[in-house]
Amino acid sequence: MSTSVPPSHARHLGPLAIPSGVQLQEYTLAGVILVLVAVGAALKPDTFPTADNLRAVVTQASVVGVLAIGMTFVIATAGIDLSVGSVVAAAGVAGGLLVDNGSLAFILGAIGFGLLLGLVNATSIAYGRVIPFIATLAMFAIARGLALQMSGKSPISLLGSDGVRWFGTGKILTVPVSVVVFLAITIGGWILLNRTRYGRHVVAVGGNREAARIAGVPVRRIIFSVYCMTGLLAGVAAVLLCGRLASASPVSGQLLELDAIGATVIGGTSLSGGKATIVGTFLGVMVFAVIFNLLTQLNLATEWQQIVKGVIILAAVLIQRPGRD
């Protein structure tokens, strides 16, 4: 389900963004996933449609998926966060420095450091009034530099930390832990966006900031909160990624911000703000995951995979151009 406040009506609606029905774009994405799975099954019948491979697809999507849920709230306010990939790396390294004190220390360190960097973004954007593109671009560089400096430019091994690795390789019943975390955050994000006053305020701020302010929405606090959210979720993503890789690398997380933004946009959240959909974001994440799993199985070169990713994002933005929202 998506939530939207058309800018032309935002003055009348104020913070009361009205949840609409499931958008055609969401149905389309679900259909695209089914078609991709069918194509994969036809081209690679021995490897693609297996339970193990499909489980791997969702597991690999979980890190980007967690970031994309936070990105949905940011873009809903007409903002952007270019720093999440670098924050994932810095948060992982920060946790790695504490791993000798136990898995819990790693988890708290990673999530806490991610939140700290998110707070820096939030303060500079909401109260320093720095343009989100500039503020998060600066953090993109700062966080990556911090990751390299704190780690001494070398990965930190987590092979001895079974508790951390459980988040990347463990299972709850037969479902990977990282998938459970991703689904829990997706459900929580849907409830927050579509069933709470906070969610209505987020969309109202993106739809018409001045109208939202007149209606009594705490605009600065809302903007502050969404960048804190992306920092926090970057810390969670760092735990999942480091658990899967069994290391905290200062060069990890590269281009994750592109994946998160791309999944959010193709899912139907408007870059101009005022319209957001958690269901669409989830489906966008899965479209990317299925496509690149299939391309990998077809042995398509990495550079061509990046070209395909860029084409998909460009097409999604063109669909959202003025007059098509």
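The values are calculated or read from the model by the stated rules, or taken from the named source; none is laboratory data. What you see is a predicted model, and the numbers here were worked out from it, not measured in a lab. Glycine gets a Cβ as well: all are built from the backbone with ideal geometry, and neighbour counts include every protein chain shown.
If you check every pair at least six apart or on different chains, which have Cβ atoms under 6 Å apart with a residue in the range 306-318 that is touching a residue at least 40 places away in the same chain (Cβ under 8 Å) first and a residue that is of a type in the set (Gly, Ala, Ser) and part of a helix (DSSP H, G or I) second?
Going by the 6 Å Cβ cut-off, the qualifying pairs are Ile313/Gly262.
What do you reckon, is Ala61 part of a helix (DSSP H, G or I) and buried (at least 21 other Cβ atoms within 10 Å of the Cβ)?
Criteria met by Ala61.
Inspect all residues belonging to the range 87-99 and state whether any of them is surrounded by fewer than 20 Cβ atoms within 10 Å (Cβ to Cβ), farther than 18 Å from Gly262 by Cβ and touching a helix residue (DSSP H, G or I) at 6+ places or on another chain (Cβ under 7 Å).
Step one: of the range 87-99, the residues surrounded by fewer than 20 Cβ atoms within 10 Å (Cβ to Cβ) are 97-98.
Add one more test, that the residue is farther than 18 Å from Gly262 by Cβ, and what stays is 97-98.
Applying the additional criterion that residues be touching a helix residue (DSSP H, G or I) at 6+ places or on another chain (Cβ under 7 Å) yields 97-98.
Yes, the range 87-99 has at least one match.
Could you look through the range 8-29, keep only residues that are surrounded by fewer than 17 Cβ atoms within 10 Å (Cβ to Cβ) and at pLDDT 50 or above, and pick out the one that is farthest from Phe282 (Cα to Cα)? Reasoning before the result, please.
Taking the range 8-29 first, the residues surrounded by fewer than 17 Cβ atoms within 10 Å (Cβ to Cβ) are 8-9, 11-12, 16, 18-22, 24, 27-28.
From the residues that got through so far, the ones that are at pLDDT 50 or above too are 24, 27-28.
Working: Leu24: 15, Tyr27: 12, Thr28: 13 Å.
Among them, the one singled out is Leu24.
For the range 130-165, which positions are touching a helix residue (DSSP H, G or I) at 6+ places or on another chain (Cβ under 6 Å), modelled with pLDDT under 95 and more than 21 Å from Val251 (Cα to Cα)?
Of everything in the range 130-165, just one residue is touching a helix residue (DSSP H, G or I) at 6+ places or on another chain (Cβ under 6 Å), modelled with pLDDT under 95 and more than 21 Å from Val251 (Cα to Cα), namely Gly163.
List every residue pair whose Cβ atoms lie under 6 Å apart, where the two residues are 6 or more positions apart in sequence or sit on different chains, the first residue falls within the range 242-266 and is within 26 Å of Leu318 (Cβ to Cβ) and of a type in the set (Asp, Glu), and the second residue, located anywhere, is crowded, with 22+ Cβ neighbours inside 10 Å and at pLDDT 95 or above.
Glu257/Val84; Glu257/Gly85; Asp259/Val64
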